Amino acid sequence: MSDLTFEAKLKWRGTGRDGEGKITVSDTSVSYSSPSGMGGKGKGVSPEDLLVSAVSTCTAAPYMDY
């Protein structure tokens, strides 16, 4: 089995909940920040959304029909 390599670029502007970021993987970018209900900017997706999406994708991947 060959080694897998993944590259992601992360940018963050601001401090704590007042900040916002951008993740770029290949040609796709996703903006994220803390939800406004938690004192954040509420722009893009939340870190919690990203975490749940990652776990869901890993769990579902063996069952996906490519």
Given the conditions (1) open to solvent by 60 Å² or more (accessible area, probe 1.4 Å); (2) among the aromatic types (Phe, Trp, Tyr); (3) modelled with pLDDT of 90 or more, which single one is not true for Phe6? (3)
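Would you please name the residue that is least open to solvent (accessible area, probe 1.4 Å), looking only at residues in region 9-31 that are of a type in the set (Lys, Arg) and at pLDDT 95 or above? Spell out how you get there, then give the answer.
So in region 9-31, the residues of a type in the set (Lys, Arg) come out as 9, 11, 13, 17, 22.
From the residues that got through so far, the ones that are at pLDDT 95 or above too are 9, 11, 13, 22.
On the way: Lys9: 125, Lys11: 142, Arg13: 190, Lys22: 90 Å².
The residue in question is Lys22.
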Conditions first: (1) at pLDDT below 95; (2) open to solvent by 60 Å² or more (accessible area, probe 1.4 Å). Pro35 passes all but one, so which condition is the exception? (2)
For the subset of region 15-38 comprising residues that are touching a strand residue (DSSP E or B) at 6+ places or on another chain (Cβ under 6 Å), outside any loop (DSSP other than H, G, I, E, B) and polar (S, T, N, Q), which member is nearest to Leu51 (Cα to Cα)? Ser31
Exactly one of (1) in a strand (DSSP E or B); (2) under 11 Å from the mean Cα position of the chain (by Cα) is unmet by Trp12. Its number? (2)
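The values are calculated or read from the model by the stated rules, or taken from the named source; none is laboratory data. Owing to the predicted nature of the structure, the values given are computational and were not obtained by experimental measurement. Here Cβ is always computed from backbone atoms with ideal geometry, including for glycine, and neighbour counts include all displayed protein chains. Surface accessibility is based on the protein's heavy atoms, side chains included, excluding ligands, DNA and RNA. Shrake-Rupley method; radii C 1.70, N 1.55, O 1.52, S 1.80 Å.
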